[in-house]
Amino acid sequence: VVVDLANYVMLTLGQPMHAFDYDKISNKKINVGYPSSNKKITTLDSIDRNLSSKNLLIKDGNSPIAVAGVIGGKNTEVNSETKNIFIESALFDPIIVRKSAKSIDLSTDASKRYERSVDPKMARVAIDVLTGLIIKYAGGEACKGLIQSGEEPSNNNQIKFNINDCN
């Protein structure tokens, strides 16, 4: 149910998200970065993939648990036994996601959206919507607080429009 809800929110709002089984995250800490050496990950599609310095990773310490913006790892997959969920709603650089997806020869719904950019304001909205839907349809309760890393990108681009020129 949780994965279906995350996909529903992505299709509705355009914001990719990933749900991790929190209890399978060994040190309960998530970090994002490139691998210091070549790594391997078994992805959700049960394929063993070789990773390189082109792959931005979501990691549990040094172990990859997802290829950022592309696909999650089997090692933290949500299933019918999952009790606690960690939801990631992020903004990733489109060029980094494209290079990463191409390097492992995989295109996903999430990577396609990230490659074309997502609305920076939607990351927070989408996580709130998904949390509410999970509580409603799968039960449970939300923990207090939200962990935010990095700065929100600002969009100061303006389009000047003169209604008289239009008429």
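The values are calculated or read from the model by the stated rules, or taken from the named source; none is laboratory data. Predicted, not measured: the structure shown is a model, and the values here were computed from it. Neighbour counts run over all protein chains shown; Cβ positions are idealised from the backbone, glycine included. Quick note on the areas: whole protein, heavy atoms, side chains included, nothing else; ligands and nucleic acids left out. Shrake-Rupley method; radii C 1.70, N 1.55, O 1.52, S 1.80 Å.
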* Structure fact -> Picked from the stretch 109-167 (must be in a loop (DSSP other than H, G, I, E, B) and in contact with a helix residue (DSSP H, G or I) (Cβ under 6 Å, 6 or more places away or on another chain)), the residue nearest to residue 68 (Cα to Cα) is 117
* To do: Select from the stretch 58-67 the residues that are of a type in the set (S, T, N, Q) and modelled with pLDDT of 95 or more and list them in ascending order.
  => none
* Asked: Mind checking which residues of the stretch 55-103 are assigned to a loop (DSSP other than H, G, I, E, B) and under 21 Å from residue 134 (Cα atoms)?
  -> 77, 78, 79, 80, 81, 82, 83, 84, 90
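So that you can scan it fast, the table gives a plain yes or no per residue for (1) farther than 27 Å from residue 140 by Cα; (2) touching a Phe, Trp or Tyr at 6+ places or on another chain (Cβ under 7 Å):
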position	(1), (2)
2	no, no
7	no, no
25	no, yes
39	yes, no
44	no, no
47	yes, no
53	yes, yes
58	no, no
71	no, no
* Only residues that are of a type in the set (Phe, Trp, Tyr) and either surrounded by 10 or more Cβ atoms within 10 Å (Cβ to Cβ) or under 16 Å from residue 18 (Cβ atoms) (or both): list them for the stretch 127-167, please. => 137
* Asked: Which one is farthest from the chain's Cα centre (by Cα), of the residues in the stretch 43-54 that are part of a loop (DSSP other than H, G, I, E, B) and not hydroxyl-bearing (Ser, Thr, Tyr)?
  -> 47
* Structure fact -> Conditions (1) open to solvent by less than 20 Å² (accessible area, probe 1.4 Å); (2) within 19 Å of residue 113 (Cα to Cα); (3) modelled with pLDDT of 95 or more -> residue 55 fails only (3)
* Under 6 Å by Cβ, and 6 or more places apart or on different chains, what pairs join a residue from the stretch 74-101 that is within 22 Å of residue 47 (Cα to Cα) with one that is open to solvent by less than 60 Å² (accessible area, probe 1.4 Å) and of a type in the set (S, T, N, Q)? -> 74/42; 97/111; 100/55; 101/111
* To do: Just name the residue that is farthest from the chain's Cα centre (by Cα) out of those in the stretch 1-42 that are part of a strand (DSSP E or B) and under 22 Å from residue 116 (Cβ atoms).
  => 32
* Asked: Tell me, which residue of the stretch 107-126 that is touching a Ser or Thr at 6+ places or on another chain (Cβ under 8 Å) and at pLDDT below 95 is least open to solvent (accessible area, probe 1.4 Å)?
  -> 123
